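These notes are about the structure you will find just below.
The values are calculated or read from the model by the stated rules, or taken from the named source; none is laboratory data. These figures come from a predicted structure and were not determined experimentally. As a convention, Cβ positions derive from the backbone with ideal geometry for all residues, glycine included, and neighbour counts pool all protein chains shown. SASA here: full protein model, heavy atoms, side chains in, ligands and nucleic acids out. Shrake-Rupley method; radii C 1.70, N 1.55, O 1.52, S 1.80 Å.
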Amino acid sequence: MATSGEAPESWYLALLGFAEHFRTSSPPKIRLCVHCLQAVFQFKPPQRVEARTHLQLGSVLYHHTKNTELARSHLEKAWFISQQIPQFEDVKFEAASLLSELYCQQNLVDSAKPLLRKAIQISQQTPYWHCRLLFQLAQLHTLEKDLVSACDLLGVGAEYARVVGSEYTRALFLLSKGMLLLMERKLGEVHPLLTLCGTIVENWQGNPIQKESLRVFFLVLQVTHYLDAGQVKSVKPCLKQLQQCIQTISTLHDDEILPSNPADLFHWLPKEHMCVLVYLVTVMHSMQAGYLEKAQKYTDKDLCVLDSSPILSTFQVILLEHIIMCRLVTGHKATALQEISQVCQLCAQSPRLFTNHASQLHTLLGLYCISVNCMDNAEAQFTAALRLTTHQELWAFIVTNLASVYIREGNRHQELYSLLERINPDHNFPVSSHCLRAAAFYIRGLLSFFQGRYNEAKRFLRETLKMSNAEDLNRLTACSLVLLGHIFYVLGNHRESNNMVVPAMQLASKIPDMSVQLWSSALLKDLNKACGNTIDAHEAAQMHQNFSQQLLQDHIAACSLPEHNLISWTDGPPPVGQFQAQNGPTTSLASLL
């Protein structure tokens with residue numbers, strides 16, 4: 001206990017020192033830390049000490065314990081008391097920020113919003129906190145899918161940053177707004193905004209890491225915009241710039257020099273997370289372009305998760321979604337199935353992840369079902385996926401694949417025509433994606449082929465070829481060539497058929513696409529037989545036999561896994577326990593550092 005002669009600061013500093021010692025012990029002694037901080041109130045401290053201690057207690061309890069009610073009580077007191085004290089900004093706004101975070105965790109969003117609005121209103125003389133709170137409220141609106149309010153707040157932030165002379169944070173606000181406008185498909189507003197951002201980023205002279213991180217943010221938006229539009233050839237210069245940019249960042253040292261403008265005290269993402277993100281968009285590009293061997297090589301390194309932050313879990317799920325599609329095409333269905341089970345496990349651990357990726361998960365199961373010829377299950381999975389998505393591109397992708405299921409089943413005419421009306425590539429195609437529109441032409445060509453309308457099929461397939469060649473969409477090119485080759489073979493035009501099937505086979509081997517290789521080798525066998533080329537026919541038959549065996553073995557391996565039962569799951573949260581992976585692969589993230 002303090003004697004009457006001691007200055008009040010000495011007992012306060014002693015208790016604070018003990019609390020910090022216990023907090024930073026290994027392992028942390030949180031109970032003792034909390035006791036020391038609570039002891040401060042025994043001394044009837046002045047208001048400033050009282051408010052700060054409530055904030056410290058709230059923060060320790062929030063971050064290190066499950067006692068959210070007590071944490072909330074302390075943070076509410078810190079926020080209430082600090083508002084009555086002049087020049088006490090750090091405690092006041094940190095309490096508001098942390099308390100609103102806690103409210104959101106407790107699903108009390110309607111308490112968090114007015115709190116943040118009040119804090120934003122009274123923080124205009126404190127640039128760092130004003131910007132940080134604006135970002136926080138914008139993020140809250142984004143999580144609620146209210147992108148209009150989020151964009152408005154980011155616009156307010158950009159203007160405020162300009163007024164307080166922070167071009168760096170202005171660029172962060174504008175790039176964040178650009179990201180949301182891309183999510184909303186407001187392309188008319190995105191283009192001028194990105195042009196402005198490009199100018200600001202290039203003209204800004206400051207910390208090299210901050211400048212390069214702005215460039216990474218800017219280029220990631222451009223690359224994902226191109227990929228969303230299915231333009232895998234047009235994106236290449238941007239992607240190359242992005243890869244060079246991340247190499248530059250990984251050679252720079254983090255300078256501990258703090259910016260002179262407090263409004264500049266922000267980082268978009270840690271350096272390691274940026275590396276993972278660039279790696280991820282590179283895999284997305286390889287998959288879309290049909291460089292599947294390349295995409296798999298990226299992922300099959302000895303990969304490690306950096307930490308358990310929510311953004312990395314999201315990156316990991318997106319990476320898995322792309323690599324699973326690669327595996328299904330390259331004839332590794334069993335591995336794909338185990339990775340689908342891994343996505344289930346990741347989603348089971350996070351309701352937010354599951355909400356955002358449930359539709360993609362059912363879509364992947366639908367694609368797996370097609371690969372193992374379980375068409376009824378494929379239909380059920382795609383139907384479940386359609387029910388769970390509002391994303392237009394994903395919707396069009398699912399509908400295209402569901403149409404292919406109906407075509408194969410051959411007796412679902414009414415449902416098929418209803419779907420095809422909604423993805424008519426010649427008229428009012430629902431999305432701006434070049435790749436999906438090319439795929440819609442292919443689906444039309446496939447249907448016309450099965451109906452024996454060969455001239456019509458050729459018209460659709462030539463459209464697909466024209467579009468896929470323009471953007472280097474290798475898989476669509478290979479599929480269109482082999483189907484055209486099949487049509488010419490049926491029509492008796494063997495020379496023209498050969499001209500299509502040989503490049504289809506070469507391209508399919510390069511991807512590699514096992515189904516197209518199987519199809520091409522069967523056609524080459526029949527073509528050479530018809531033309532009397534016995535040796536070539538025998539060679540093609542041998543190739544066909546090899547592909548058949550590989551696919552059959554993979555098919556049996558996949559169907560005998562316990563995870564195969566996932567194909568019957570179409571509703572509710574992801575089932576984890578009963579379909580546990582049997583020593584399967586665990587594909588995770590690389591730091592690439």
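Counted by Cβ distance under 13 Å from Q241, the other residues give a net charge of +1, where Lys and Arg count +1 and Asp and Glu count -1.
How far, in nm, would the chain grow between R408 and A14 when pulled straight, counting 0.36 nm per residue and subtracting the alpha carbon separation? Show your work: numbers first, answer last.
Details: separation 394, 0.36 × 394 = 141.84 nm, distance 7.68 nm.
Gain on extension, R408 to A14, equals 134.2 nm.
Extension gain for E202-H538 works out to 114.8 nm (0.36 nm per residue, less the C-alpha to C-alpha distance).
Taking the Cβ-Cβ separation of K466 and S509 as r and a Förster radius of 30 Å, what is the calculated FRET efficiency to the nearest 0.05? The value I calculate is 0.80. Positive contributions from Lys and Arg (+1) and negative ones from Asp and Glu (-1), summed over other residues with Cβ under 10 Å from the Cβ of A378, come out at -2. For the range 143-248, the dipole from Cβ point charges (+1 on Lys and Arg, -1 on Asp and Glu) about the Cα centre works out to 400 debye, to the nearest 20.
What does the helix-only formula give at 222 nm for the chain: each DSSP H stretch with n ≥ 4 adding -39500 (n - 2.57), the total divided by the residues, and the result rounded to the nearest 500 deg cm²/dmol?
On the way: 26 runs with 432 residues, N = 593.
Mean residue ellipticity at 222 nm (helix-derived): -24500 deg cm²/dmol.
Taking 7 Å steps out from each Cα toward its Cβ at S560 and K529 produces label points 3.1 nm apart. Ranking C104, L194, T68 by Cα position along the charge dipole of the range 52-210, where only Lys, Arg, Asp and Glu carry charges on their C-beta atoms, puts T68 farthest toward the positive end.
Using θ = phi - 60° in the Karplus curve 6.51 cos²θ - 1.76 cosθ + 1.60, the 3J(HN,Hα) couplings for the range 62-69 round to 5, 7, 10, 9, 9, 7, 5, 5 Hz; x is entered for Gly and Pro.
Computed with every protein chain present, the accessible area of C479 is close to 20 Å² [probe 1.4 Å]. Provide the net charge surrounding E50, with neighbours chosen by a C-beta distance below 14 Å and charges set as Lys +1, Arg +1, Asp -1, Glu -1. Local net charge: +4.
How much area per residue is accessible in the chain when the probe is 1.4 Å and only protein heavy atoms are counted (Å²)? Could you put the intermediate results ahead of the total?
On the way: 27390 Å² over 593 residues.
Result: 46 Å² per residue.
What does the charge dipole of the range 371-415 about its Cα centre add up to, to the nearest 20 debye, if the Cβ of each Lys and Arg holds +1 and the Cβ of each Asp and Glu holds -1? Kindly include the intermediate steps, with their values, before the conclusion.
Details: 3 positive and 5 negative charges, 4 e Å.
Value, rounded to 20: 20 debye.
For the range 203-209, 3J(HN,Hα) computed residue by residue from phi via the Karplus equation (6.51, -1.76, 1.60; θ = phi - 60°) reads 7, 6, 10, x, 3, x, 5 Hz, glycine and proline entered as x.
Between the listed residues S166, S350, Q545, the Cα displaced farthest toward the positive end of the dipole of the chain, a dipole computed from Cβ unit charges relative to the Cα centre, is found at Q545. Ordering of 324-336, 240-252 by packing is 324-336, 240-252, highest average first (other Cβ atoms within 10 Å, averaged per residue). Straight-line cross-link partners of K186 among the aspartates and glutamates, defined as a Cα under 19 Å from its Cα and at least 8 positions apart when in the same chain: E144, D146, D152, D228, E393.
Pairs K118/K177; K233/K510; K29/K113: which exceed 26 Å Cα-Cα? List each step's numbers first, then the result.
Details: K118/K177 22 Å; K233/K510 17 Å; K29/K113 34 Å.
Cα-Cα > 26 Å for K29/K113; rest within.
Extension gain, Q392 to E69: 0.36 nm times the residue separation minus the Cα-Cα distance gives 112.2 nm. Consider a paramagnetic label point 7 Å from the Cα of D152 along Cα→Cβ; state which residues of the range 74-114 have an amide N under 14 Å from it. Once the point is set 7 Å along Cα→Cβ of D152, 114 turn out to lie under 14 Å by backbone N, inside the range 74-114. Scalar couplings 3J(HN,Hα) for the range 222-234, obtained by applying the Karplus form with A = 6.51, B = -1.76, C = 1.60 to θ = phi - 60°, are 5, 5, 5, 4, 4, 5, 4, 7, x, 9, 7, 8, 4 Hz; x denotes Gly and Pro. For the chain, relative contact order (Cα pairs under 8 Å, six or more residues apart, normalised by length) works out to 11 percent.
About its Cα centre, what dipole magnitude does the range 451-527 give when the only charges are +1 on Lys and Arg Cβ and -1 on Asp and Glu Cβ, stated in debye to the nearest 20? Please list the in-between numbers first.
Numbers: 9 positive and 7 negative charges, 27 e Å.
Once rounded to the nearest 20, the dipole reads 140 debye.
On the basis of the beta-carbon distance and an R0 of 60 Å, R459 and S260 show a calculated FRET efficiency of 0.40.
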